[in-house]
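Take a look at the structure below.
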């Protein structure tokens, strides 16, 4: 129930579940071993905006209740800026900028970070 799935979910085939339910099941599997770190790689990229918001709310709840750290990997800077405390910008596999999310978004130092923000976030 922690991931908002009830027992009826157990008898369903993959084609009978939504994208949000699949994501909740993946999160539940990852949490089964009570990790200290949850790695979410593009966890919301294939979801519509309302389901994306539900998954982010679920992750926030889990993060607070279990004192769990989350490594959230995403190309969606708007989402990252609302969810993450720290931001690391990678370019060609290397970290080119890092810091508190708000600071990096508001005052990017690297040209690549500036381009990335300009292409996604309109202020």
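The values are calculated or read from the model by the stated rules, or taken from the named source; none is laboratory data. Values in this document were obtained by computation on a predicted structure and should not be read as measured data. Counting neighbours? That spans all protein chains shown, and the Cβs are built from the backbone with ideal geometry, glycine included.
Does residue 62 satisfy the criteria of being under 21 Å from residue 21 (Cβ atoms), assigned to a strand (DSSP E or B) and in contact with a helix residue (DSSP H, G or I) (Cβ under 8 Å, 6 or more places away or on another chain)?
Details: under 21 Å from residue 21 (Cβ atoms): yes; assigned to a strand (DSSP E or B): no; in contact with a helix residue (DSSP H, G or I) (Cβ under 8 Å, 6 or more places away or on another chain): yes.
No, not satisfied.
Only one of the numbered conditions (1) surrounded by 17 or more Cβ atoms within 10 Å (Cβ to Cβ); (2) at pLDDT 90 or above; (3) farther than 23 Å from residue 119 by Cα is violated by residue 39, and that is (1).
Can you go through 77, 87 and tell me which one is within 20 Å of residue 119 (Cα to Cα), at pLDDT below 90 and surrounded by 17 or more Cβ atoms within 10 Å (Cβ to Cβ)? Of 77, 87, the one residue that is within 20 Å of residue 119 (Cα to Cα), at pLDDT below 90 and surrounded by 17 or more Cβ atoms within 10 Å (Cβ to Cβ) is 77. Give the residue, chosen from 89, 96, that is free of Cβ contacts under 8 Å to residues at least 24 places away in the same chain and not assigned by TED's automatic domain parsing to the domain that holds residue 21. After applying the criteria, what remains is 96. Give the number of residues within the stretch 12-30 that are over 14 Å from residue 52 (Cα atoms), modelled with pLDDT of 80 or more, out of contact with any strand residue (DSSP E or B) (no Cβ under 8 Å at 6 or more places or on another chain) and surrounded by 11 or more Cβ atoms within 10 Å (Cβ to Cβ). Of the residues in the stretch 12-30, 3 are over 14 Å from residue 52 (Cα atoms), modelled with pLDDT of 80 or more, out of contact with any strand residue (DSSP E or B) (no Cβ under 8 Å at 6 or more places or on another chain) and surrounded by 11 or more Cβ atoms within 10 Å (Cβ to Cβ). When each of 16, 106, 33 is tested for being over 16 Å from the mean Cα position of the chain (by Cα), closer than 16 Å to residue 120 by Cβ and without any contact (Cβ under 8 Å) to a residue 12 or more places away in the chain, the lone residue that passes is 106. Looking across 45, 119, one residue alone is at pLDDT below 90, part of a helix (DSSP H, G or I) and either in the same structural domain as residue 20 (by TED's automatic domain parsing) or exposed (fewer than 12 other Cβ atoms within 10 Å of the Cβ) (or both). It is 119.
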